Amino acid sequence: MQDQYDYIVIGAGSAGCAVAARLADSRAGSVALLEAGGHDFNPAITIPIGIASTVPKPGPFNYGYATEPQPALNERVGYQPRGRGLGGSSSINGMIYIRGTPSDYERWAADGCDGWGWEDVLPYFKRSERNERLGGQAEDAWHGGQGPMDVVDTRSTNPFDRRFLQAAECAGLRYNPDFNGAEQEASASSSVPSATASAGMQRGPTCTRATANRSMAAATTCRC
Ligand SMILES: Cc1cc2nc3c(=O)[nH]c(=O)nc-3n(C[C@H](O)[C@H](O)[C@H](O)COP(=O)(O)OP(=O)(O)OC[C@H]3O[C@@H](n4cnc5c(N)ncnc54)[C@H](O)[C@@H]3O)c2cc1C
């Protein structure tokens, strides 16, 4: 380990890993990525159903915060899981790849957040994504096909999923084959970020974990 770095990124969660990885890839200087928690190599993280053990209560991978009493909820205290360790909350999250609604970003931009309009952020969504529906093609109107984060359709659907979607249609909620496309409203089965193929792991969204590992390696072994 060196004792001096050009960049120090604090927190190896989704954002920190992406920033550290981009810095390491750009060879702009040496990068240290500091994380309060431990490594992510644990079945509770690498196997999707591990969420059942990591999320319900605080533990080594979950800070398990509590909100202030909420006046609008009869002073109830809410439970707020947050990930701790390499990958941060992406190591314990629900693995559903979903963006904000374009109108949300437009509202932020209108409120003064320059550079946060939908047309501003869409290229970054595309750049980060390798959506298997594109079959390696660079991009389409809504998705990227060659980024570091694999996004795949749910593979293990079961009869109840289909029944649920049919019931939603019967109730008047149209089926939406892509809730990260032109419209978010409607029922849909999910797209799951997964680096299974590229990182050899069984749980996503391993983009952050894979890039974290790369960044950590860059931070600890080379001075770019
Ligand atoms: C249970 C759960 C389910 C979710 N499901 C989904 C989903 O299905 N789809 C979706 O898109 N999003 C989901 N999310 C949300 C998504 O995972 C988060 O929005 C995202 O990971 C947040 O990224 P972040 O970089 O802001 O923070 P985090 O990923 O939380 O990273 C913060 C990191 O900083 C570290 N840290 C904090 N303080 C320090 C310090 N002083 N020094 C060093 N390190 C520190 C923490 O330990 C942590 O690793 C879910 C989140 C949770 C908790």
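Does the range 96-193 come out rounded, prolate or oblate, given a ≥ b ≥ c as the square roots of the eigenvalues of its C-alpha gyration tensor, rounded meaning a/c under 1.5 and, failing that, prolate meaning a/b above b/c?
Cα axes put the range 96-193 in the oblate bin.
Pull up the DSSP beta bridges for the range 96-193 and report the antiparallel fraction as a percent, rounded to 5.
Looking only at bridges with both residues in the range 96-193, the antiparallel portion is about 55 percent.
Could you calculate the FRET efficiency of THR67 with ARG174 from 1/(1 + (r/R0)^6), where r is the beta carbon distance between them and R0 is 30 Å, rounded to 0.05?
So the FRET efficiency works out to roughly 0.30.
Which ³J(HN,Hα) values, rounded to whole Hz and listed in residue order, are derived for the range 128-143 from phi using the Karplus coefficients 6.51, -1.76 and 1.60 in 6.51 cos²θ - 1.76 cosθ + 1.60 with θ = phi - 60°, glycine and proline given as x?
Those phi angles translate into 7, 9, 10, 7, 5, 4, 7, x, x, 4, 4, 6, 10, 4, 10, 10 Hz.
Please give the length that would be gained between GLN137 and TYR124 if that part of the chain were fully extended, namely 0.36 nm times their separation in residues minus their C-alpha to C-alpha distance (nm, one decimal).
Working: separation 13, 0.36 × 13 = 4.68 nm, distance 1.64 nm.
So the extension gain works out to 3.0 nm.
Test of understanding: ordering ILE51, ILE45 by Cβ neighbours within 10 Å, fewest first, what list do you get?
Fewest-to-most Cβ neighbours within 10 Å comes out as ILE51, ILE45.
Multiplying the sequence separation of ARG82 and ALA186 by 0.36 nm and subtracting their Cα-Cα distance, what value in nm do you get?
Between ARG82 and ALA186, full extension yields 34.6 nm more.
Bear in mind these aren't lab numbers, they're just calculated from the coordinates by the rules spelled out. Being a predicted model, the structure only gives us computed values, none of them experimental. Positions of Cβ are generated from backbone atoms using ideal geometry, with glycine treated the same way; all protein chains shown enter the neighbour counts.
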